[in-house]
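**Student:** Before anything else, here's the structure in question.
The values are calculated or read from the model by the stated rules, or taken from the named source; none is laboratory data. Quick caveat: nothing in here was measured; it's all calculated off a predicted structure. Here Cβ is always computed from backbone atoms with ideal geometry, including for glycine, and neighbour counts include all displayed protein chains. Keep in mind that these areas ignore ligands, DNA and RNA; they rest on the heavy atoms of the full protein, side chains included. Shrake-Rupley method; radii C 1.70, N 1.55, O 1.52, S 1.80 Å.
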Amino acid sequence: MWRIQVIHGPNLNLLGRREPELYGRFTLAEIDERLRGWAQEQGIEIQSIQSNHEGTLVEAIQQAADWADGLVINPGAYSHYSYAIRDAIRGVGLPAVEVHLSNIYAREPFRHQSVIAPVCVGQISGFSWHSYRLGLEALVTWLEEQTGRRREK
Ligand code: DQA
């Protein structure tokens, strides 16, 4: 069974009422529930955390190294400038996939750069809550390729 830590960054607790035309109408709890349901069918165990604080996100990444095989992370606005989150991912050495609900490349120029993406296996951006599902699929497919171990459905 693959174990994946899902991390939601700042302001994602506002989902559902925050710019729904950009981020969709699901709340974070609804996204987590859908994700958990899908993951269970796939034989993937997920733990999920949301924080508005950079240090808490850094700690969540460090703690994930004790039990998880990888990370799916939406760092929110921290994507664009948090070297602390970048260093944490590189530091623990867990494979990570960065996800965004919106297509950050179709938005304001300051969102076009992610300082996190270079330390990730890859990035999925623009598919609303499905970005998380696709990110999870991409990460587990990558883990399977690397290790030769298959998910047990
Ligand atoms: C976001 C994109 C970021 O630019 C923004 O600051 C967010 C959400 C997304 O999921 O589309 O908070 O990460």
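**Student:** When the residues of the range 1-48 are filtered to those that are within 11 Å of the ligand (Cβ to nearest atom) and at positive phi, which remaining residue is surrounded by the fewest Cβ atoms within 10 Å (Cβ to Cβ)?
**Tutor:** Result: E19.
**Student:** Of all residues being open to solvent by less than 70 Å² (accessible area, probe 1.4 Å) and more than 14 Å from the chain's Cα centre (by Cα) in the range 74-87, which is farthest from N13 (Cα to Cα)? Just the residue, please.
**Tutor:** Result: A84.
**Student:** All but one of (1) part of a helix (DSSP H, G or I); (2) under 14 Å from A39 (Cα atoms) hold for E144; which doesn't?
**Tutor:** For E144, the failing item is (2).
**Student:** Determine if the range 64-73 includes at least one residue that is open to solvent by 10 Å² or more (accessible area, probe 1.4 Å) and within 15 Å of the ligand (Cβ to nearest atom).
**Tutor:** no
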